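Some notes on the structure that comes next.
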């Protein structure tokens, strides 16, 4: 049961990255792919039906973590208190920017909210990567399972650790580039005109940059957490997922110049999903790695709820998640096809 819930929680977080990742990436590229108001409204209209729906998966992931591994959630919320509030501020700013930017026709008003939308989206992508970097590197868990992190210490990924160091920042940059590429692929697929053309060119460029960053991130991970990659050969799911990630990246690079936008987007999704699954498989059963003593790490077995609680939660999960997936599928079916900006409006899009 603990193993099942480890993978259910991992799946929820992966679904969030794959879905909200493309509108975060599109937001980060907002000022690059769109040069004037009509083009910027095209970008927002392209992700408009999805961005708030995609965030449901973040709530689902947090809820799954709460019912399955309450000790991990409690330690994480207190330890990452500052980082979580920064993420909440960025989420709020991004939502306000989308809803407010077209309420007035004043150019300065719209330029301000466009910039806020782009900055908040880029910061969220960066911070989510930093968060994953902290999980891989480890946190300074005390013997009773708690920790606290300042924003930074000496920028070294060793105790005393901070939220930011050279490794977590590298993970953040890697995530920002990956999600920006994912967003560019989505815009190339679903938007139209020059916005789609610029997005396609950026998608190819960003995936090529990912190809260069991947070995660097791998070497850095080996230096920070040698046990993670050491586990890869003995875990078939991990290396199968890594192969899927590599195939997805190659597919995205091949499809982009040939204007096969759907294939490029699916390749980008395969890359992100493969990377996340491979990382989770190598980390298992560790949920929070401890620094400097890995023996203090919180595992799925030590940090889980009672077996009865997990069985009860699984019953509710089996009811709620299929409904959420059905809603998500219907949403995408209703809004399939390419999007162009509507005539001048004072509404959100």
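The values are calculated or read from the model by the stated rules, or taken from the named source; none is laboratory data. For clarity, every value in this text was computed on a predicted model and none was experimentally measured. Neighbour counts are summed over all protein chains in view; Cβ atoms, including those assigned to glycine, are modelled from backbone coordinates with ideal geometry.
Here is a yes/no grid of residues against (1) in contact (Cβ under 8 Å) with a residue 40 or more places away in the chain; (2) exposed (fewer than 15 other Cβ atoms within 10 Å of the Cβ):
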residue	(1), (2)
252	yes, no
255	no, no
261	yes, no
281	yes, no
312	no, yes
322	no, yes
330	no, yes
337	yes, yes
Exercise. Tell me, which helices (runs of 4 or more DSSP H) lie completely within the stretch 133-242 with 3 or more residues that are modelled with pLDDT of 90 or more?
Worked result: 166-190, 193-224
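Check 50, 22 and return the single one that is modelled with pLDDT under 90, farther than 22 Å from residue 282 by Cα and buried (at least 20 other Cβ atoms within 10 Å of the Cβ).
Exactly one of 50, 22 is modelled with pLDDT under 90, farther than 22 Å from residue 282 by Cα and buried (at least 20 other Cβ atoms within 10 Å of the Cβ), namely 50.
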Exercise. Can you name the number of the only condition in (1) under 20 Å from the mean Cα position of the chain (by Cα); (2) within 21 Å of residue 168 (Cα to Cα); (3) touching a residue at least 40 places away in the same chain (Cβ under 8 Å) that residue 242 fails?
Worked result: (3)
For this session: Being without any contact (Cβ under 8 Å) to a residue 40 or more places away in the chain and in a helix (DSSP H, G or I) is the filter; apply it to the stretch 29-62 and report the residue that is farthest from residue 146 (Cα to Cα).
Result: 54
For this session: Taking only the stretch 87-118 into account, find how many residues are in contact (Cβ under 8 Å) with a residue 24 or more places away in the chain and in a loop (DSSP other than H, G, I, E, B).
Result: 5
Exercise. For residue 151, are the conditions met, namely being surrounded by fewer than 17 Cβ atoms within 10 Å (Cβ to Cβ), under 21 Å from residue 89 (Cβ atoms) and touching a residue at least 12 places away in the same chain (Cβ under 8 Å)?
Worked result: yes
Problem set entry | Only listed residue being out of contact with any strand residue (DSSP E or B) (no Cβ under 9 Å at 6 or more places or on another chain), over 19 Å from residue 30 (Cα atoms) and surrounded by 21 or more Cβ atoms within 10 Å (Cβ to Cβ), chosen from 138, 129 | 129
Problem set entry | Residues of the stretch 125-146 satisfying the condition of being more than 22 Å from residue 221 (Cα to Cα) and touching a residue at least 24 places away in the same chain (Cβ under 8 Å) | 142, 143, 145, 146
